[in-house]
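We did not get these values from a lab; they are worked out from the coordinates using the rules stated. No experiment lies behind these values; they were computed from the predicted model shown. A quick note on method: Cβ atoms are made from the backbone with ideal geometry, for glycine too, and the neighbour counts reach across all protein chains shown.
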Amino acid sequence: MPEDHKTVLANANAAIMKGDFEGFLTFCTEDTVWNFVGDTILRGKQAVREWMAVAYKEPPQFEVHQMIGDGDFVAALGEITLPDQEGNARPHAYCDVWRFRDGKMAELRAFVVPSP
């Protein structure tokens, strides 16, 4: 099952980088929970949709260096470029840990740290 989950995550990531947020959300459960550790917790697809509308005014660009699967979990490690407070692109290291349920992404724990 982890290989299937990795494929789902790869397809979801491809949609989000193209700016297809609704396409991305088809890979999520209705009650998906996103925990940006130390920052924000989003509950449900509508909360994620509203957050994306503000946070991803331009689609995020990122590179996944490694995916590790174990049962219903997939961890993705890589780099993402996000705007800083002034709107300038700034690289960050990230680790997203996704929990899957019935083939969809049900929960995210995201660890994002600015790169030096």
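Here are a few things to note about the model shown:
- Annotation: amide H of M105 within the under-5 Å range of C28, T29, sequence separation 5 or more or interchain, hydrogens built in the peptide plane.
- For D72, no residue has an amide H sitting under 5 Å from its own, ignoring neighbours fewer than 5 places away on the same chain, with H placed 1.01 Å from N.
- Expressed in units of 2.2 N^0.38 Å, where N is the residue count, the Cα radius of gyration of region 67-116 is 1.36.
- Straight-line cross-link reach from K18 at under 15 Å between alpha-carbon atoms covers these aspartates and glutamates, not counting any fewer than eight positions away in the same chain: E58, E63.
- In the chain, Cα pairs under 8 Å separated by at least six residues give a relative contact order of 27 percent.
- Karplus-derived 3J(HN,Hα) values for region 56-72, using 6.51 cos²θ - 1.76 cosθ + 1.60 with θ = phi - 60°, are 10, 4, 10, x, x, 10, 8, 10, 8, 8, 7, 10, 10, x, 8, x, 8 Hz; glycine and proline are entered as x.
- Taking only Cα atoms of the chain, radius of gyration then Dmax in Å: 13.4, 42
- Cα centroid of region 1-58 to Cα centroid of region 68-116, whole Å: 10 Å
- Per residue, the chain reaches -8500 deg cm²/dmol at 222 nm when only DSSP H runs of four or more residues are counted, each adding -39500 (n - 2.57).
- Helix 2-17 axis, angle to the chain major axis (alpha carbon atoms, nearest 10°): 30 degrees
- Of all aspartates and glutamates in the structure, those lying under 16 Å Cα to Cα from K57, and not within fewer than 8 positions of it along the same chain, are D20, E22, D84, E86.
- Under Karplus coefficients 6.51, -1.76 and 1.60, residue-wise ³J(HN,Hα) of region 35-48 in Hz, glycine/proline x: 10, 7, 3, x, 9, 10, 10, 10, 10, x, 4, 5, 5, 5
- Neighbour-limited loop hits for GluC sites (Glu not before Pro), region 47-116 (at most 12 other Cβ within 10 Å; DSSP other than H, G, I, E, B): E86
- Region 2-114: antiparallel DSSP beta bridges as a percent of all, rounded to 5: 85 percent
- Cα centre as origin, Lys/Arg/Asp/Glu Cβ charges: the chain dipole, Debye: 120 debye
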